[in-house]
Amino acid sequence: MLINKGKHRRPSKAVRVAALAGVAGAAVAAPLMGATSASAASVATWDKVAQCESGGNWSINTGNGYYGGLQFSNSSWAAAGGTKYAARADLATKAQQIAVAEKLLAIQGPGAWSCAGAGGLTAGGPSPDLNTSAPVAKSAPSKSDAAVKRTPAAPKHESAPAPKKNQGHGNYTVKAGDTLAKIAKAHGTNWKAVYAANKSVIGGNPNLIFPGQKLHV
């Protein structure tokens with residue numbers, strides 16, 4: 001558990017004035033807030049301070065009255081202009097918290113953070129390169145979009161139905177296992193005669209007959 005001694009608990013006179021004066025206080029603190037070029041720290045330095053202050057959790061809210069990675073009190077957050085980003089520090093992005101911390105650093109100096117020494121925080125570091133714009137939430141695709149983007153199913157290739165065989169109208173119905181020779185022998189004739197009489201039904205191959213065909217014998 002982190003021990004946050006004096007962390008934003010004893011704000012400088014400038015912070016007290018801004019916190020107590022309400023809306024008018026913003027005008028009082030504005031000249032000091034503009035001096036960030038002389039009082040700045042790199043993102044890496046703020047990361048170290050946050051690691052000591054909150055374990056590096058930029059959205060932490062333990063209910064102890066201090067919020068975000070750099071453990072702002074609500075009065076310090078408001079005094080340094082943080083409410084333009086979010087009502088509390090833990091609701092702002094990392095970049096937004098650092099931007100507000102830069103202003104608080106200009107107002108109060110490194111002593112505003114009990115972990116300033118652990119993070120190597122000083123008032124004369126390089127200005128951080130920040131993007132404080134709010135992240136854009138990605139909306140779920142609509143049903144119509146999903147329908148458009150869905151990969152169409154491959155068309156089914158249906159095989160053409162087999163041509164119907166000529167069944168004929170003869171007096172003998174071909175059974176499984178029959179041959180022209182077998183049929184001809186059973187009827188006292190020869191296969192050539194049976195084939196000749198049924199060529200229009202059998203087709204060009206006398207060895208190929210099918211059950212259900214009706215042949216003249």
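The values are calculated or read from the model by the stated rules, or taken from the named source; none is laboratory data. Given the structure is predicted, the values throughout are model-derived calculations rather than measurements. Please note: Cβ atoms are built from the backbone with ideal geometry, for glycine as well, and neighbour counts cover all protein chains shown. To get the accessible areas, we keep the full protein, side chains included, count just its heavy atoms, and leave off ligands, DNA and RNA. Shrake-Rupley method; radii C 1.70, N 1.55, O 1.52, S 1.80 Å.
Applying the selection to segment 168-185, what residues are open to solvent by 80 Å² or more (accessible area, probe 1.4 Å) and part of a helix (DSSP H, G or I)?
Lys182, Lys185
Starting from segment 79-102, keep only residues that are over 13 Å from Thr132 (Cα atoms), then list their pairs with residues that are open to solvent by 60 Å² or more (accessible area, probe 1.4 Å) and among the hydroxyl-bearing types (Ser, Thr, Tyr) whose Cβ atoms are within a distance under 7 Å, requiring at least 6 positions of separation or different chains.
Here the result reads Asp90/Ser59, each pair linking segment 79-102 to a residue that is open to solvent by 60 Å² or more (accessible area, probe 1.4 Å) and among the hydroxyl-bearing types (Ser, Thr, Tyr).
Collect the residues in segment 51-78 that are touching a residue at least 40 places away in the same chain (Cβ under 8 Å) and either under 20 Å from Ala134 (Cβ atoms) or among the small types (Gly, Ala, Ser) (or both), keeping them in residue-number order.
Ser54, Gly55, Leu70, Phe72, Ser73, Ser75, Ser76, Ala78
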